[in-house]
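One structure is given below, encoded as structure tokens.
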Amino acid sequence: SSLAKAAENFRVNISQIRRWKKQQVEMEAATKKEGNVVKRKRSAKYPAIEAHMKTWIAAQRKEGHPVSGTVIKREAKAHAIRMKINDFKGSCCWVSNFMKRNGVVRRAVTSVGQKLPDDWKQKMKSFVDFVTQHKDNYSLDHIGNMDEVPVYFDMPSKFTMEFQGSSDICVTPTGSEYSCFTVVLCVTASRIKLPAYIIFRRKTIPKFNHPSNVIVSANEKSCMTASETLLWNEAIWMKRKNVMFNRKSLLMLDGAPGHKTDNVKEKFHRSGTLMAMIPGGLTKKLQVLDISVNKSFKSRLRSRWENWLINGYKNYTKSGNLKRVSYEEITKWISEAWNEVPVSTITSGFKKTTIKFYGDDEEEIDQVSEEDPDDNDDDMETNDEEIRDQLIDILTDERNFGSDEEDDDKDQI
């Protein structure tokens, strides 16, 4: 019929064409008057149900629960039964209109974290009070936050651009989207980014020339064990600028098992580092890197992976399957992405912990040395030779002299 053809042409439901025909006179009159807009949205037929759903969705999201269109439909129908509203259908069309009327939108999940403990306010206050009590004993150069970031060899986004009407929205990575390793990042309150510490899932450290702002290690589980924590302390934390003149420092970190062993605590204490353990479940409120830095870093890393997948030089197996990115290439990406993270995100993260690290006029944050001017993010490149000399003992330990290059498939677990 002509109505069906018109609906197909305008890509709307046929019922919309019927409404337009009924409103033809009003619509033609409205176009002749400047400032008039045709009313296209229907008012709520079941305002009580919609009011309940707004409150219910807000409560679910406050608890961190995911809410989908199917869940909205199910709860709306259940509430209609409780209110004895028998003619409520709760169709997909109703869900769509309800979302438009009430400002509910579909968003990608930005983080998956732990639920806040019941006594989180008390625990947060205790941690903030502890750090506040001690922070004045240290300069901003000697106050830091360390965190482990899981990184995957394949980093496909949750969304992609596609033409309307496509039913199969598929992306084809290399098959390594579940193969991950660990990148340990650390920042100081003076906005300095310390070298990234990469732990690959291998028995031996891969041999290649890596950038100066990156340290490469390896273990069979790719995790920050107690021994890796001690290596990180010697290779990075105790090699930061001016540590030779002042060994006393304050380090905020989470309560991962590799951070809490007696041996680790003793070694950090002997090296002059006061460890401030963030209570479980509160990293999203107190972990500087979690709050603002990690997202920026991983976004830049994903951008490089996407560019490599489309335009980069790639290797293939004998059967024609695409090989994942090499250790050397992804290490280079990590170095570049870490350099590009704006220092403003570090400042923002320290501020959002609610701990007063900076004065109201931010005089402290302006006292960064001349080797780290403005926001050029090149603070690690100014003393490449110094860092290389300081880390030579770590990089040439016996673990670097394993067997020759092993087959990647055998090395990965």
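Each value in this text was obtained by applying a stated rule to the coordinates, not by laboratory testing. Note that the structure is predicted; figures quoted are calculated from it, not measured. Positions of Cβ are generated from backbone atoms using ideal geometry, with glycine treated the same way; all protein chains shown enter the neighbour counts.
Scattering from segment 166-208 was approximated by placing one identical point on each alpha carbon and applying the Debye formula without solvent; log10 I(q)/I(0) at 0.15 1/Å stands at -0.66. For the set Lys203/Lys260; Lys123/Lys284; Lys45/Lys89; Lys295/Lys351, the pairs lying more than 22 angstrom apart at their alpha carbons are Lys203/Lys260. Structure note, pairs Lys241/Lys323; Lys248/Lys356; Lys5/Lys84; Lys21/Lys84; Lys158/Lys332: Cα-Cα distances above 30 angstrom occur for Lys241/Lys323; Lys5/Lys84; Lys21/Lys84. Assign one of three labels to segment 308-348, namely rounded, prolate or oblate, based on the Cα gyration tensor with a ≥ b ≥ c the square roots of its eigenvalues; rounded applies when a/c is under 1.5, prolate when it is not and a/b is larger than b/c, and oblate otherwise. In terms of gyration-tensor shape, prolate. Take the Cα radius of gyration of segment 43-100 and divide it by 2.2 N^0.38 Å, N being the number of residues; the result is 1.06. Between Asp254 and Ile278, the built amide H atoms are under 5 Å apart, and every one of these is 5 or more places off in sequence or on another chain.
Compare the Cα positions of Trp232, Asn307, Gly281 along the charge dipole of segment 221-325 (+1 at Cβ of Lys, Arg; -1 at Cβ of Asp, Glu; about the Cα centre) and return the one farthest towards the positive end. In segment 221-325, that residue is Asn307. Applying the Karplus relation 6.51 cos²θ - 1.76 cosθ + 1.60 with θ = phi - 60° to segment 325-331 yields 3J(HN,Hα) values of 4, 6, 4, 5, 5, 6, 5 Hz, where x marks Gly and Pro.
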